[in-house]
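Shown next, in structure tokens, is the structure this report addresses.
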Amino acid sequence: MALANNGAEIPLLPKTEQTLFTRENQQLILRAVFNVSTSIIGAGIMSVPATLKVLGVIPAFVLIILVALLVDISVEFMLRFTYRGESKTYAALMNESFGKTGSVAVQLCIMITNLGCLIMYLIIIGDVLSGQGEHLGVLQEWFGIHWWNSRNFAILFIVLFVMLPLVLYRRIESLWLSSALAVLLAIVFVVICSVMAITAILKGKTVSPRMLPKMDDETSFFNLFTAVPVIVTAFTFHFNVHPIATELGKPAAMSSAVKISLVLCAAIYFSIGIFGYLLFGDSIMPDILVNFDKSSGTSVISSMLNDVLRLSYAFHLMLVFPLLNFSLRANLDELVFPKKPFLATDTKRFVCLSLVLLAFSYVAAIFIPSIWYIFQFMGTTTGVCIAFIFPGAIALRDVHGISSRKDKIIAMIMIVQAVVTSFITIATNIYNMSGIRP
């Protein structure tokens, strides 16, 4: 116990190792795994196959593992300083280290990131139901093209009759069952893709994947960095660490849940990436669901499997939506109404914020054409701040005196690689959009 006085104690360790894996703790960890995994597996899975097209199979696999490891470390930093201090939210944690400026910075980043994700979910759901460009949606394939299955009306229907009831839950723990179903649907999606890919391999109709990236010139090398924001955004769930951990109430259980979830999600990401790439090769779209339609020209894929696969993931995103909305609404309330009572106890404020966020997400989803643009923006700005820069800065600031020399070195490396990678990616995107060529 003397260690507790000199700051060497690690708060994540349980008080009694014997009680960690009791039946109650196992159930708590399982529920937390569902919520964490659902927070992670969102729209990111749709664009992971496109990153294999950019990077090649081996670099993409290495990048997925590396980002997962760094995310685990950054979440450990957050949990360690949370349990040593008195913070109950990410904003409060930043406030302990950097005052009001830090608190506002993380709130703005979380709101931008989560709002961007919610918009992406609606865009993808619109792609599934009503198609994109020359690719038809499920409703249009079934019933033909009508006003009631247009993109605008289909998304509006989902927002009003599916999203709205789910976002009105006041406790994140209440969503664990829908989270479990969401994870199951993601696994079903991967299984169907794997069956399709294996069938295509047996019939000799798959595309041979590139193990390494195609490097034509200097520009191609810098284009490799544009895949990094997609993977970073795909693993960013830090905005839900505190809500889930607070209701879980057991530090060691939360740490275990995060590790299990990261392993599960990394496996799902790489699986869908390789199977999707095998099926479609370089013709793969930023949203892979768009490839699974009748006009894709892939004869291996039956019409029924196409529809099941696309609809299963659309339903998955509908179930993920309330989890991200939960932290978005909480941070917006904390920023705009800092002195008001707890949001869940104020029905009028709770409902008004929920309706405003839903309405804005809907309007934005109608006007933004592709999820790739949102991934590029968030992954190089707010996403990288939430996932790496802020947790690393907290460990370096070390207001509680618990960071070891190793922790500070890792935190510095984490921040430097995040800043350098983001700078290169932003510069490359600007260069590509400018159309300037030597």
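The values are calculated or read from the model by the stated rules, or taken from the named source; none is laboratory data. Just so you know, these numbers come straight off a predicted model, no measurement behind them. We place every Cβ from the backbone using ideal geometry, glycine too, and count neighbours over all the protein chains shown. All accessible areas refer to the heavy atoms of the entire protein, side chains included, with ligands and DNA or RNA removed. Shrake-Rupley method; radii C 1.70, N 1.55, O 1.52, S 1.80 Å.
Details
- Residue count, segment 130-170 (criterion: assigned to a helix (DSSP H, G or I) and of a type outside the set (Lys, Arg)): 26
- Of all residues in segment 77-87 being among the charged types (D, E, K, R) and surrounded by fewer than 19 Cβ atoms within 10 Å (Cβ to Cβ), the one that is farthest from residue 409 (Cα to Cα): 86
- When residues of segment 257-297 are limited to those that are open to solvent by less than 30 Å² (accessible area, probe 1.4 Å) and in a loop (DSSP other than H, G, I, E, B), the one modelled with the highest pLDDT: 284
- Residue identified as modelled with pLDDT of 85 or more and open to solvent by 50 Å² or more (accessible area, probe 1.4 Å) among 156, 136: 156
- Those residues of segment 209-246 which are among the small types (Gly, Ala, Ser) and at pLDDT 75 or above, in sequence order: 227, 234, 245
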